[in-house]
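Below is one structure, written out as C-alpha cells; the observations come after it.
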Amino acid sequence: MALVIGNSNYNQVARLPNPANDSRAMADALVRLDFVVTLQQDLGKAAMEQTLADFSDAAREADLAVVYYAGHGMEMNGKNYLIPTDAKLKSDNRVQFETVSLDHVMLAIEGAKALKLVLLDACRDNPFANSMKPTNATRSISRGLAKVETNPGMLVSYAAAAGTTALDGDGKHSPYTEALLAHIEQPGLELSLLFRKVADAVQAKTDGKQTPFEYGRLPGVSIYLKEPVLVEEKPVVAPVTVVNDPCRDAAAHWAAIENQNNPALFEDHLRQFGSCAFATVAQARLDTLRQPKAEPVIETKVESSVETQPVEIAALDPKVEEPAILAPDNNTANAAVPDEQPTQDNPAEDMVALTRGLQEELRRVGCAFGKADGIWGPQSQKALERFGRETKKSIDTETPSQASLDLLKSTTGKVCAPVCSVREELRNGVCVAKTCAAGQILSKKGQCIETKAKPTQTTKRRVVREDAEVSQARRRPVVVEEKVRPVRRHRATPSFNGSRDDCMTAFMCDN
C-alpha cells in the first residue's frame, strides 16, 4: 500500500509549483508497480492527520507500506515536522500544534508486515523561519531536516542529507523525485542499489550541491519494487533446468535395479546414464553377471526310498524344471562384484564431494544449519527447496547437481533468515540465547519464570529407649530346671501262701 501527499498551495507563504506534479507522477508510478495508492494534495493539519490515521489501519494488512511526501518541512530541537498548507507558525511555540511530526508518519506504517518506506522531498528552505517569532532561547531551528532513528525494517529517505536543503528544481519535477521516477520502475533493481543510483543522479543534476541520504536498516534479503525479468537468451545466471541435467534420474534408476540380476537392466542404465555417478558400478555388475556360472552342488539327505525318487526323476528328465534350490541366490551373485577402493576418479566419491559442497554453500547463505556430511537426505533437500523459494528459482531438490552448486556460489550474502528456537531470540540477524533477570530462570518454553526455593529437608529420628534392666534381661540366657525322677523297677511279687515268714521274706526281698 502507498500514501502520496503533495502540498503546493500554502496559505501564508509562496506556492511551491513542483509538489503537485511530483505527487501525481509518483502515485501513477506506484500504481504501475501494483501498489494500492491513496493520493492527497494540499492538506491542512486536520486532514493530514486524519489521512495518516486511516492509512495506519490499512497498512497493518500490507507486506510493504510506502509514504511519499512533497512539500515544506522543518526541524526544531532535533525533531522533524511536515508543514500542512494551513500552518501560520507565527512563533516557534506553535510548531508542535500546527505541524505534523515525522514520528507520527513513521508510526502510521509501523504495522506493515515486511518493509516500511518513507520518501521525503521536504528538505527545502523553511519559508516561515524569517517570520517566526522565537519564544524560547534554548530552541534551535536549523536548515533542512535532522537525522532520524528508525526501527528495524524501516527506511527513511531524505531528498537531501540531514542539515542541508533540497532544490525545488526548474523543471516539471524536483531533482530528487525526477531521479526516483527514472529508476523506481526498473525491473530487477534491488532497493539499496536503487537509492544509490538516485543519489548519483541527483548529484549530477545539481552539480554536487544536493545529496540524498537514507536512514535505517533494510532486512538481510534482496528487495525489489519490480521483480527482475529473466531473459532466456542472455540470462545473468544460468537457469537450472531439469531437462538439461542428463543425470537427474540416474540415482532413482540405479536404486530400482541395484539388487536385480538381469543384465539387460544394467545395459539399459549404461545407455541412458553412461556419464553419471553409477555408470562404473553398473558396468562392474554387468561384467559379473555375464561370467559363466558354476553348477551348484546339491546335497540331499536320503531319508527313505520314497523321498529320493522325485529327486532322481527331476535330475534325469530334461523337460522337468530344475528345483528352486538350483537357482543362485542374489547374495551369491552380488558377492562376486569386487569392492572398489575409492580413488580420485571414482564417480561415487565425486558425488559425495558435490553433495558436501552444496551443503556448505547452503549453510553459508543461511538456509541450512546441519553438518556438511556428504549425504543428500531430507534435511538437505528442504534446505535447497528453501533457497529456491527465497530466490524464486526453480531448482531440482531430489538429486544434487553441479548447476545447483554454481547457482549457490553465485549468490552473495544471506538469503534465508535465521530461524531461532523458543529459547533464543534474533539480534542483528543472529540467534542468541535469551537471558533472564536475577532471580529468574529460562523455561523450556523460552519464558523467564521465578525460581522457587527448595524446602529444607529434615530427617526425624525415632529414638527408642529401653529400660536398662529389660535390655539386660533380654541378653541373659534362660535356663529351665526340671526335676528328674528315677524310674523304679518292680520285681515280680512271689506268691503268698499265708505263712508269716513267707510274707516277710517276700517283703525284704522286694526291698
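The values are calculated or read from the model by the stated rules, or taken from the named source; none is laboratory data. All values reported here derive from a predicted model rather than from experimental measurement. When we count neighbours, we look across all protein chains shown, and the Cβ atoms used for this are built from the backbone with ideal geometry, even at glycine. Ligands, DNA and RNA are excluded from the accessible area calculation, which covers all protein heavy atoms including side chains. Shrake-Rupley method; radii C 1.70, N 1.55, O 1.52, S 1.80 Å.
See the values below:
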item	result
Test: residue in the range 188-209 that is modelled with pLDDT under 85 and open to solvent by 30 Å² or more (accessible area, probe 1.4 Å)	no
Residue within the range 244-254 that is open to solvent by 80 Å² or more (accessible area, probe 1.4 Å) and at pLDDT 85 or above present	no
Count of residues meeting criterion [open to solvent by less than 40 Å² (accessible area, probe 1.4 Å) and part of a helix (DSSP H, G or I)] in the range 46-84	7
Filter pass, G163 being small (G, A, S), surrounded by fewer than 18 Cβ atoms within 10 Å (Cβ to Cβ), in contact with a Ser or Thr (Cβ under 8 Å, 6 or more places away or on another chain) and modelled with pLDDT under 85	yes
Residue count for the range 367-426, restricted to those that are among the polar types (S, T, N, Q), in contact (Cβ under 8 Å) with a residue 40 or more places away in the chain, assigned to a loop (DSSP other than H, G, I, E, B) and surrounded by 15 or more Cβ atoms within 10 Å (Cβ to Cβ)	3
Residue satisfying condition, being hydrophobic (A, V, I, L, M, F, W, C), touching a Gly at 6+ places or on another chain (Cβ under 9 Å) and modelled with pLDDT under 85, within set V240, V297, V231	V240
Residue match in the range 216-223 (condition: out of contact with any helix residue (DSSP H, G or I) (no Cβ under 8 Å at 6 or more places or on another chain) and either basic (K, R) or in a helix (DSSP H, G or I) (or both))	yes
Candidates V95, V37 - the one that is under 29 Å from T135 (Cα atoms) and of a type in the set (V, I, T)	V95
Subset of the range 93-111 [farther than 22 Å from N136 by Cα and surrounded by fewer than 22 Cβ atoms within 10 Å (Cβ to Cβ)]	D103, H104, M106, L107, E110, G111
Check on T38, β-branched (V, I, T), open to solvent by 10 Å² or more (accessible area, probe 1.4 Å) and in a strand (DSSP E or B)	yes
Residue within the range 269-289 that is open to solvent by 80 Å² or more (accessible area, probe 1.4 Å), modelled with pLDDT of 50 or more and in a loop (DSSP other than H, G, I, E, B) present	yes
Pairs with Cβ under 7 Å, 6+ apart, first in the range 88-110 and in contact (Cβ under 8 Å) with a residue 60 or more places away in the chain and more than 30 Å from R60 (Cα to Cα), second open to solvent by less than 70 Å² (accessible area, probe 1.4 Å) and among the hydrophobic types (A, V, I, L, M, F, W, C)	L89/V95; L89/F128; L89/M132
